[in-house]
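The values are calculated or read from the model by the stated rules, or taken from the named source; none is laboratory data. From a predicted model like this one, the values you see are computed outputs, not experimental measurements. Methodologically, a virtual Cβ is constructed for each residue, glycine included, from the backbone with ideal geometry; neighbour enumeration extends over all protein chains shown. The accessibility values were calculated without ligands, DNA or RNA, using every heavy atom of the protein model including side chains. Shrake-Rupley method; radii C 1.70, N 1.55, O 1.52, S 1.80 Å.
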Amino acid sequence: MNELSLHILDICQNSIKANASLIQIIITEDTIKNTYIIEIHDNGFGMNEKTLSEVADPFFTTRTTRSVGMGVSLFKMAAEMAGGTFNITSKVNQGTSVIAQFEHNHIDRAPLGSIEDTLAILLMNEAAIDIYYKHICNHKEYVLDTREIKNVLNGIPLADYDVIMWVKNNIKEGITTIHKEEAR
Amino acid sequence: MKSLDDLKKIRDAAQRKVTMRGKNEGTRILVGMATCGISAGARPVMNKLVEDIAEKDIPNVTVTPVGCIGECAIEPIVEVLEGEKRTTYCRVDVDVAERIINEHIIGGKVVQDNLIGKYRL
Ligand code: FES
């Protein structure tokens, strides 16, 4: 996976499998501290300590949990390869949090890639979930909250193609704008 | 904000459509989106399917990401469900996704080259 947004998609698909109704994705770029932090919090059914301790192990291959273990260990590896750290915490019936920190300008830090495609796919899932996405670049921030979008939509499904296209454009423009404003 | 106005326009247009897409009516396209599928390139494939359907304004087709399909080695996997009929494609890339839309969904002809039987012998 050569885009961070693919790891985010993978982790969020786990959240959906864990019956989460809300997923929060927070990206914090700090070019002064040279950090790039990705946080994913869900309110799904979580994991007990045993599963949690096994989940980042790439050789943890019980068939039923395998797909979870594999993706988490790939994300962890991506962070550690880019001079960063990785942390996953979970509480049964409360949810799971993943925090991956990268060195912003590390040569092995993958680009974010197309985060709008990741969010579009999450919105097309059959399970009804809400996504809160916040992207911070130094002092500027962009927020997309599907709960607000649903208010405007008034019953029209988020997975409606025109809505998906609107969401994708909104994210793309939003992130480009905060980067541009920061660069000024 | 201009884009919120756009969203409202989309909403109003959708409300005017009399037939809303039901979950199980029409054609369903499922895309394997477990770790293996994502690594194999399922995201651009799904993206392409959605964009083609939107662009060509094809009615009654839904695209849904699903979890593990059980065949990591031949991901990305795309399944087309039409009533009782199930067609499973594997090793789908963006070009094959486009063929699925044009030849299968629009043309009604299965894309033989990527049928699962070819790979799982
Ligand atoms: S984990 Fe690959 S198809 Fe299930």
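Computed from Cα positions, the angle between helix B:42-55 and the longest principal axis of chain B comes to roughly 40 degrees. Of the residues in the stretch B:55-102, those shielded by at least 40 Å² of accessible area once partner protein chains are present, compared with the chain alone at a 1.4 Å probe, are B:65. Within the stretch B:24-118, DSSP assigns beta bridges of which about 65% are antiparallel (rounded to the nearest 5). Using the Cβ-Cβ distance between residue B:106 and residue B:8 with R0 set to 41 Å, the FRET efficiency works out to roughly 0.85. Less than 5 angstrom separates the built amide H of residue A:140 from none of the residues sequence-distant by 5 or more or on a different chain. Scaled against 2.2 N^0.38 Å for its residue count N, the alpha carbon radius of gyration of the stretch A:126-184 is 1.26.
For the stretch B:47-114 versus the stretch A:84-157, the spacing of their alpha-carbon centroids is 26 Å. Measuring nothing but protein heavy atoms, the accessible surface of the stretch B:24-118 at 1.4 Å probe radius is 46 percent carbon and sulfur. These residues, A:86, A:102, go from largest to smallest accessible area, 1.4 Å probe, as A:86, A:102. Each listed q (0.08, 0.09, 0.16 Å⁻¹) maps to a log10 I(q)/I(0) for the protein assembly as shown from the Debye sum over equal C-alpha point scatterers, namely -0.36, -0.46, -1.40.
Once A binds B, the 1.4 Å probe can no longer reach about 3000 Å² of accessible area, counting both sides.
Across the accessible surface of the stretch A:1-144, with the other protein chains kept in place and a 1.4 Å probe, carbon and sulfur atoms take up 52 percent.
Solvent exposure of the stretch A:4-181, expressed per residue, is 45 Å² of accessible area, with all protein chains present and a 1.4 angstrom probe. Using the Cβ-Cβ distance between residue A:108 and residue A:48 with R0 = 30 Å, the FRET efficiency computed as 1/(1 + (r/R0)^6) comes to roughly 0.35. If the segment from residue A:39 to residue A:140 were pulled out straight at 0.36 nm per residue, it would be longer than the present Cα-Cα gap by 34.6 nm. The mean of 1/r over all pairs of different alpha-carbon atoms in the stretch A:4-181, once inverted, gives a Kirkwood hydrodynamic radius of 16.8 Å.
With the whole protein complex present, residue A:36 retains an accessible surface near 10 Å², based on a 1.4 Å probe. The stretch between residue A:179 and residue A:93, if pulled fully straight at 0.36 nm per residue, gains 27.2 nm over its current Cα-Cα span. Rounded to the nearest 20, the Cβ-based charge dipole of the protein assembly as shown about its Cα centre (Lys and Arg +1, Asp and Glu -1) stands at 560 debye. Rounded to the nearest 10 square angstrom, residue A:92 shows an accessible area of 80 square angstrom against a 1.4 Å probe.
When the Kirkwood radius is taken over all Cα pairs of the stretch B:24-118, what Stokes-Einstein diffusion coefficient follows at 10 °C and 1.306 mPa s, in µm²/s? Using the Kirkwood radius from Cα pairs, D works out to 123 µm²/s. Near residue B:63, the amide H atoms lying under 5 Å from its own belong to B:29; only residues 5 or more places off or on other chains count, and H is placed 1.01 Å from N.
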